[in-house]
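Colleague: First the structure, then my questions, so here it is.
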Amino acid sequence: MKILLWGWAVMLCALMLTFWFYYETVSEELTSSSRQNTTRLLKFVRWKVSHSPEVPGTSSFQKEITELGQNLEIRITYIRNGQVLADSSVSASRLPELDDHSSRPEVIAAEASGVGKNIRYSKTLKTRMLYVAQTMDKDGEFIRLAMPYSVIGERLERIKLHFTILLLVIAGGAAITLKFIGGRTNAAVKEVSDTAAAIGEGDYGKRIRVIPGGEFQGMADSINTMARKIQGHIRIIEDQRNQLDAMFENMKEGIMVLDPKGRIESVNKSMLEIAPQTRDMIGRMPLEVLTRHEIQDSVDRILRPDNEAVSDSLIIDLQDGRSMNVTICSYEDYKSRRKLILVFHDISEVRRIERILRDFVSNASHQLRTPLTSIKGYSETLIDNPPEDKAILAKFLGTILDNANHMSKVITSMFALTRSEYSGKKLRTSPTDLSGCIRHSVTNLVPAAKKRNIRIESGDIPDVQVSGTDEGLVQIFDNLIENGVKYAPENSLIRVEAEIDDGYVVSRVTDEGPGIAPEDRERIFERFVKLDENAVGGGSSGLGLALCRSLVRNFNGDIWVESPVDAKTGTGSSFCVKLPVTDG
């Protein structure tokens, strides 16, 4: 709108300059034309006066001048040495009262060049006049004509009035036209401005629908095209951002993003599970959250301006026992500032498996060395010096068989324990008949118990379903009852019973053995722990209770020992297995 107003103002200035130039030109032309006409009349009057028989200064001469001026409708003045001798517009009686005219500009000019002209205000006639003077034949005498300049002024005033009206009409029409055009332009500019502002605020679906007039159609089409392209690009960016957000939040690895100063900028959900305290530590250093100087040292090293390394990898152990492989990599943001991404990969399971493997190899080496040595020694004896006595030969072969059976049992137990620990919580449990599994185990151990005159008695066992597997439960009770048969004295009793306790079933295998000291009640569930080393000869591997504990924990249960059962004699042990009851 301002541009249109400036244009309107420039147009008015141009019209006024044109009027002024035209007015000045017409004024000069009219004045020049009047002077030319007056000059012609002056020549005529001079000729008329010079051929007149009347003598200047007489009343008859005054009368002749007056009649001639009235006929020509001009003022005629006859001057001699500055004195007015005759004037067509002044009575004869007033002639002496007139001022000396020798100082009049036209008279001075006529005296100098023969003809003089001047325009000025006449005090005598009280109006503006055009004066033209010319010398006569006698020295000091002049004839002067005067025409009212008001005639020219009136014509100029009429021209000025007409041009002013025309100027006002043109200015008013231009103002109305500019107002109409300005309204359409403002509407178009507002539509374009509102659309651009909406696009700037994020409304990329905004379009310029209607443009008054066609002046801004090209710009509107360009803005609409730009908006469509921006909308397409924004959609692509949003899709990519949503993909990255989904990956960021659902990765199993913990992600921690650090700003250029090494402070925590954001973390994902997995990182909050690894270190819940991180939720309230945004803007803090990693050292304040994880209390591991190795990570902070690596972060500080990578963020140093003079450092060329852009990544690092290290393994740390957290306070809760988990092991993390931390990968640190850098990237530059839109301001070319270096930021860091820390990826925490939980390798606790991998290290646990590695530890199990090392323990397996170590334990296998330890447990198999003695029977292997025995088998080797007896085998070499049989080969080098075979005994002739069949009883001795049978004894040697029996020893070899016992050690081989012991080795087989050790290896079988180790594999069972390793498989149980590896399965862990991944083991799929199902509702399992507890009483059926206990009856199966009792049946399995009755023959071994009879050899030592040990009676196995089943007490009250509720008919319920527990969380577990048939194979696992049978293996648990096989080991517990077998230990009772092995360590209990001959002609004793082993009792198996169970009871429901607040959503769980607590099963007890009670024997009349020597009992277990308080300091050994927890240790006996560790690997290769045997309170009676003499039991090795009977085939004990030291892994049975460790396997029982691993299986029970996989079934979301617990196992412990209560000993002694008989406080007076200090004998007897009761192994308790607690398993959750499930709906069948």
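The values are calculated or read from the model by the stated rules, or taken from the named source; none is laboratory data. Note that this is a predicted model, so its numbers are computed, not measured. Using ideal geometry, Cβ is built from the backbone for each residue, glycine included, and neighbour counts are taken over all protein chains shown. Just so you know, the surface numbers come from the protein's heavy atoms only, side chains and all, with ligands and any DNA or RNA stripped out. Shrake-Rupley method; radii C 1.70, N 1.55, O 1.52, S 1.80 Å.
Colleague: Taking the Cα centre of the range 1-75 as origin, work out the dipole magnitude from +1 charges on Lys and Arg Cβ and -1 charges on Asp and Glu Cβ, in debye rounded to 20.
Modeller: 100
Colleague: While we're looking at this one, here's another question. Stretched out fully, how many nm does the piece from D333 to I119 gain, at 0.36 nm a residue minus the Cα gap?
Modeller: Extra length from D333 to I119 when fully extended: 68.4 nm.
Colleague: Going Cα to Cα from K339, which lysines come in below 24 Å? Please leave out same-chain ones fewer than 8 positions away.
Modeller: K252, K261, K269
Colleague: Set the Förster distance to 22 Å, then compute FRET efficiency between E273 and M247 from the Cβ-Cβ distance, nearest 0.05.
Modeller: The computed FRET efficiency comes out at 0.85.
Colleague: A follow-up question, please. Report the accessible area of E380, computed with a 1.4 Å probe over the heavy atoms of all protein chains in place, in Å² rounded to the nearest 10.
Modeller: We get 90 Å² for E380.
Colleague: Would you compute the Debye intensity of the range 45-94 from its alpha-carbon atoms alone, equal scatterers and no solvent, and pass along log10 I(q)/I(0) at q = 0.17, 0.24 Å⁻¹ to two decimals?
Modeller: For the requested q values the scattering log ratios are -0.42, -0.86.
Colleague: Which of K43/K117; K63/K117; K376/K409; K63/K126 have a Cα-Cα distance over 21 Å? Please report the intermediate quantities before stating the final value.
Modeller: Values: K43/K117 14 Å; K63/K117 25 Å; K376/K409 18 Å; K63/K126 23 Å.
Check vs 21 Å cut-off fails for K63/K117; K63/K126.
Colleague: Suppose every K and R has +1 on its Cβ and every D and E has -1 on its Cβ; what is the size of the dipole of the chain about the Cα centre, in Debye to the nearest 20? Before the final figure, lay out the partial values.
Modeller: Numbers: 74 positive and 79 negative charges, 741 e Å.
Using only the charged Cβ atoms, the result is roughly 3560 debye.
Colleague: For a Förster distance of 41 Å, can you work out the FRET efficiency between the beta-carbons of L161 and I230, rounded to the nearest 0.05?
Modeller: That gives a FRET efficiency of 0.10.
Colleague: In the chain, with Lys and Arg counted as +1 and Asp and Glu as -1 at Cβ, which of these residues, A133, T31, I295, has the Cα nearest the positive end of the dipole, that is, farthest along it?
Modeller: The Cα lying farthest towards the positive end belongs to A133.
Colleague: Tally Lys and Arg at +1 and Asp and Glu at -1 over the other residues with C-beta under 10 Å from the C-beta of D511: what net charge comes out?
Modeller: +1
Colleague: Moving on to the next point. For K578, go through the aspartates and glutamates and keep the ones whose alpha-carbon is under 14 Å away, minus same-chain ones fewer than eight residues off.
Modeller: Result set, ordered by chain and number: E497, E499, D501, D502, D558, E562.
Colleague: Find which of V169, I456, I143 sits farthest along the positive direction of the dipole of the chain, computed with +1 on the beta-carbon of Lys and Arg, -1 on that of Asp and Glu, about the Cα centre.
Modeller: I143
Colleague: Using a probe radius of 1.4 Å on heavy atoms only, what accessible surface per residue do you get for the chain? Whole Å² is fine.
Modeller: 58
Colleague: Also: Counting Lys and Arg as +1 and Asp and Glu as -1, each charge on the Cβ, what is the dipole of the range 238-278 about the Cα centre in debye, to the nearest 20?
Modeller: Result for the range 238-278 is approximately 200 debye, rounded to the nearest 20.
Colleague: Let me ask something else. Collect residues whose amide H, placed 1.01 Å from N in the peptide plane, falls under 5 Å from the amide H of S122; neighbours closer than 5 in sequence don't count.
Modeller: T127, R128, M129
Colleague: Moving on. Can you list residues from other chains, or at least 5 along the same chain, whose modelled amide H is less than 5 Å from the amide H of Y204?
Modeller: Answer set, sorted by chain and number: none.
Colleague: Something else: To the nearest 0.05, what FRET efficiency results for C576 and K450 with a Förster distance of 30 Å applied to their C-beta separation?
Modeller: Result of the calculation: an efficiency of 0.70.
Colleague: On to the next question. For D239 and M219, compute 0.36 nm times the residue count separating them, minus their Cα-Cα distance, and round to one decimal in nm.
Modeller: Details: separation 20, 0.36 × 20 = 7.20 nm, distance 2.99 nm.
In short, 4.2 nm is gained.
Colleague: Rounded to a whole number, what % of the accessible area of the chain do carbon and sulfur atoms account for, probe 1.4 Å?
Modeller: Its accessible area is 54 percent carbon and sulfur atoms.
Colleague: Ranked from highest to lowest mean number of other Cβ atoms within 10 Å per residue, what is the order of the peptides 542-551, 81-90?
Modeller: 542-551, 81-90
Colleague: Something else: Students often forget the sequence filter, so: which lysines lie under 26 Å Cα-Cα from K179 once same-chain residues fewer than 8 apart are removed?
Modeller: K2, K190
Colleague: Non-local amide H neighbours of G468 (under 5 Å, H modeled in plane, Pro and chain starts lacking H): which ones?
Modeller: S430, T432
Colleague: Still on this model: Which value, in nm² and rounded to one decimal, describes the direction-averaged projected area of the C-alpha convex hull of the range 208-309?
Modeller: Orientation-averaged projected area of the Cα hull: 11.1 nm².
Colleague: Kirkwood Rh over Cα pairs of the range 432-471 into Stokes-Einstein at 37 °C, 0.692 mPa s: D in µm²/s?
Modeller: For these conditions, the coefficient is 292 µm²/s.
Colleague: For Cα pairs less than 8 Å apart in space and 6+ apart in sequence, what is the mean separation divided by the residue count of the chain, i.e. the relative contact order in percent?
Modeller: The normalised contact order for the chain reaches 7 percent.
Colleague: Now for a different question. Given the peptides 517-529, 55-67, arrange them by the average over their residues of other C-beta atoms within 10 Å, most packed first.
Modeller: 55-67, 517-529
Colleague: Let me ask something else about it. Given the whole protein assembly as supplied and a 1.4 Å probe, what does the accessible area of W560 come to in Å², nearest 10?
Modeller: That residue has around 70 Å² of solvent-accessible surface.
Colleague: In the calculated pair distance distribution of the range 374-415, what percentage of Cα-Cα distances lie above 17 Å? Spell out each step's value before the answer.
Modeller: Working: 306 of 861 pairs.
Of all Cα-Cα pairs in the range 374-415, 36 percent lie more than 17 Å apart.
Colleague: Sticking with this one: What does the helix-only formula give at 222 nm for the chain: each DSSP H stretch with n ≥ 4 adding -39500 (n - 2.57), the total divided by the residues, and the result rounded to the nearest 500 deg cm²/dmol?
Modeller: -18000 deg cm²/dmol
Colleague: State the three equivalent ellipsoid semi-axes of the range 142-276, derived from the C-alpha gyration tensor as the square roots of 5 times its eigenvalues, in descending order and whole Å. Each step should come with its number before you reach the end.
Modeller: Details: eigenvalues 1155, 74, 19 Å².
Sorted largest first and rounded, they come to 76, 19, 10 Å.
Colleague: Considering the range 270-324, what Rg and Dmax in Å follow from its alpha-carbon atoms?
Modeller: Every Cα atom of the range 270-324 included, Rg and Dmax give 12.4, 36 Å.
Colleague: Compute the long axis of helix 390-423 from its Cα atoms, compare it with the longest principal axis of the Cα atoms of the chain, and write down the angle in degrees, 0 to 90, nearest 10.
Modeller: 20
Colleague: Quickly work out the S50-to-Q70 label distance, labels modelled 7 Å from Cα along the C-beta direction, and quote it in nm with one decimal.
Modeller: The modelled label-to-label distance comes out at 2.7 nm.
Colleague: Let me ask you something else. Compute the long axis of helix 434-451 from its Cα atoms, compare it with the longest principal axis of the Cα atoms of the chain, and write down the angle in degrees, 0 to 90, nearest 10.
Modeller: The answer is roughly 30 degrees.
Colleague: Right, something else. In Å and on Cα atoms, what radius of gyration and Dmax does the chain show?
Modeller: When restricted to the Cα atoms of the chain, Rg and Dmax are 65.3, 206 Å.
Colleague: Sorting check: for 195-203, 34-42, which peptide has the highest mean count of neighbouring beta carbons within 10 Å, and how do the rest follow?
Modeller: Ranking, from highest mean packing down: 34-42, 195-203.
Colleague: Another question about this same structure. For helix 293-303, what angle does its Cα long axis make with the longest principal axis of the chain, in degrees from 0 to 90 and rounded to 10?
Modeller: With rounding to tens, the tilt is 30 degrees.
Colleague: Run the simple label-point estimate for A92 and L357 please: 7 Å along Cα→C-beta, distance reported in nm.
Modeller: Spacing of the two 7 Å Cα→Cβ label points: 15.7 nm.
Colleague: Can you give me the P(r) profile for the range 242-386? Cα pairs, bins 5 angstrom wide beginning at 0, each as a whole percent.
Modeller: P(r) over the range 242-386, rounded to whole percents: 2, 8, 15, 17, 14, 9, 6, 4, 4, 4, 4, 4, 3, 3, 2, 1, 0, 0.
Colleague: My understanding is that a pair violates if its Cα-Cα distance is over 20 Å; which of K48/K138; K390/K451; K390/K486 do that in this structure?
Modeller: Those over the limit are K390/K451; K390/K486.
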